[in-house]
Structure formats: C-alpha cells, structure tokens
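For reference, the structure discussed in these notes is given below.
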Amino acid sequence: MNAIHINWTKPFINKINAPYAIEDFELLTTILSALNWRRHNGKISMLTDSTGAEYYRRIGIDCIWDDLKIVLDDVDVNPDVFWAAGKLFALSTVKAPVAIIDTDFIVWEPIDFNSLADVTVIHFEDLYPDVYPPKEYFHMKNYTFDERLNWSLKACNTAFCVIKSDKLLKLYTNKAIEFMRGTDEKNDRLKYMVFAEQRLLPMCAKINGANVESFSNLDKLFSQQEQRFTHTWGMKQQMRDNPTLRYDFCKRCINRIIHEFPQMYTIMRKIDNLKQYF
C-alpha cells in the first residue's frame, strides 16, 4: 500500500530563529521508517514544503522515499496553534487507500491490508477533558459544527493510520481544514490541534458508516509488548534532556541502518549532526 510521510516546516521556523534543521534522532527514525516501509509494505512518499524539500535534498536523504512532493507551501492556518496542520492539508492532496506514518514511527513487519477495517489507527484515546474538551470549549468565528458529529466517540491516535475509503478521507480532511480555518485562537497548542487531527476522524467515519479499529493499545505500546511498531514520541524530550540516552539511541539506530541498509552509510556520515556517531 502507498504510504506518506509529512513534514510542514513552518511551525519550526516560526518558533525557532535559526536555519531549518531536524534533530539527529528524528532524522534516524525518519530513515528507518521510510526504508522499512519500502522493504515490507510498499511505496512511500514525503509530502512537504519547499524548505523541507531543500533540506532533505541538501543532506542527501531524499533517496529514502520513492518520491518527494512539495504540497505544503500555501497552508493558511496558524502554525503556532495548528502545528500538525500539514498532515491534514497533505492528506487532502492524496487518494485512499493510503497509510499515514509519522516520521518518528517505524513499522517493522508486513501489514495484512486486506484484513484491516475501513480505518485502522495505532490506538484509541480516552476523552480526558484536559485534552479533549466538550464542544462549548471552542471559540469559533463564522463556523458551525456539523450536527451529525458524535462527541462521545473515542479519539484516534494517527501516528500510524490506514484509511481505505476515499469518500471518508475527503470528508475528514474537509472538516478538519474548515475547523482550523474557522477559529482565530492564538494560544491553545493542544486542544484545537488534537480535535482537528485525532477526534474528527472517528466522528467523520461514523457519519460515513465506516468501521474504525486499532492496531494496538496504549498498554502494549508503553510496556514494550508491541514488537511490530516503534514510536519515539514519548522519548524525545528525554533524549533532549539526557545526552547519554540520546547518544546511545542514535548510535543504535545508525548501527541498525548500516547493517540493514548499507547504502546509507556514505550518506549519513556526511550529515553534520550525525558525524559524531561515526
């Protein structure tokens, strides 16, 4: 099945007054994610903006994808609030069936796509009110929520997600983009974004009569019982705070990449923030 990685660089550029760059551990999981998908499950594209494309080409890792497409130069929502909006805008440019994979997520094994539901996400999330508040929380402008939305459905984590229905994909991305454009919120960096990305998906699936299932659950993922997948989201801040943990993680990633994909050795050793590991 065709898959996509997505990188919208504008949130980084708005936040950090420095040339665009990706942290060492994120580069390495991106490489492992793309190459393992191609080995086991099909083609994968990177959908990004001009800054992201130039960066990947300059450091030489654009070869890890089957193609690299510039589709996110004109995203017109607030990047400080909707920092993951690139995922929704990128999805609006593709057709289902499609697998969406975050660059910090690795699928180590083949997936039996025929056995999957209309939508399959990595795991569901409970509706904790400090993350997923009720409808009344949102301050909207020239926007009305669709009365068909079921607010009792659990949210879906989309770090890894397979959507088979093109009709659902269009409804989901249209609703998410309309929502993001429908608020002038300036400060909330959590609740608005996760509503658009993770809560609207099951709501839209319900409207379309589509089935939603999960690959795994939080208990398995956090207890390391899940061998099919690796998601480093929860480790990132730990690695920033702990240089030893960061070095060990990056060194192990590089050793694995060199062992399984030796063609990457020459490329990686020339990348500035990876040179210390060689």
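The values are calculated or read from the model by the stated rules, or taken from the named source; none is laboratory data. Worth saying up front: this structure is predicted, and the values here are computed from it rather than measured. Cβ: placed from backbone, ideal geometry, glycine included. Neighbour counts: every protein chain shown.
If A159 meets every condition in (1) of a type outside the set (S, T, Y); (2) within 15 Å of the chain's Cα centre (by Cα); (3) over 20 Å from I106 (Cα atoms) apart from one, which number is that one?
Going through (1) of a type outside the set (S, T, Y); (2) within 15 Å of the chain's Cα centre (by Cα); (3) over 20 Å from I106 (Cα atoms) one by one, A159 breaks only (3).
Looking at (1) more than 22 Å from V107 (Cα to Cα); (2) over 17 Å from the mean Cα position of the chain (by Cα), can you tell me which one D219 breaks?
D219 satisfies every listed condition except (1).
Taking the range 186-227 as the search range and keeping residues that are part of a helix (DSSP H, G or I) and among the polar types (S, T, N, Q), which one is surrounded by the fewest Cβ atoms within 10 Å (Cβ to Cβ)?
Residues of the range 186-227 part of a helix (DSSP H, G or I): 191-208, 218-222.
After this cut, where a residue has to be among the polar types (S, T, N, Q) as well, the list is 198, 208.
Working: Q198: 23, N208: 16.
So, considering only residues that are part of a helix (DSSP H, G or I) and among the polar types (S, T, N, Q), the one surrounded by the fewest Cβ atoms within 10 Å (Cβ to Cβ) is N208.
Out of curiosity, is M239 assigned to a helix (DSSP H, G or I), in contact with a Phe, Trp or Tyr (Cβ under 8 Å, 6 or more places away or on another chain), at pLDDT 95 or above and farther than 18 Å from W108 by Cα? Steps first, answer last, please.
Numbers: assigned to a helix (DSSP H, G or I): yes; in contact with a Phe, Trp or Tyr (Cβ under 8 Å, 6 or more places away or on another chain): yes; at pLDDT 95 or above: yes; farther than 18 Å from W108 by Cα: yes.
Yes, satisfied.
Look through the range 109-139, keep the residues that are among the acidic types (D, E) and in contact (Cβ under 8 Å) with a residue 40 or more places away in the chain, and return whichever of them is farthest from E226 (Cα to Cα).
Ranking the candidates gives D118 first.
Within the range 171-182, which residues are touching a residue at least 60 places away in the same chain (Cβ under 8 Å) and within 25 Å of N114 (Cβ to Cβ)?
Within the range 171-182, the subset touching a residue at least 60 places away in the same chain (Cβ under 8 Å) is 172-174, 176-177, 180-181.
Listed by number, the residues that qualify are Y172, T173.
Restricting attention to the range 97-122, and to residues there that are acidic (D, E) and within 18 Å of the chain's Cα centre (by Cα), which single residue is farthest from N2 (Cα to Cα)?
D104
Go through (1) under 30 Å from C253 (Cα atoms); (2) in a loop (DSSP other than H, G, I, E, B); (3) among the aliphatic types (A, V, I, L, M) for L68 and report which single condition fails.
Condition not satisfied by L68: (2).
Spot the failing condition for T230; the list is (1) free of Cβ contacts under 8 Å to residues at least 12 places away in the same chain; (2) not charged (D, E, K, R); (3) not in a loop (DSSP other than H, G, I, E, B), and only one is missed.
(1)
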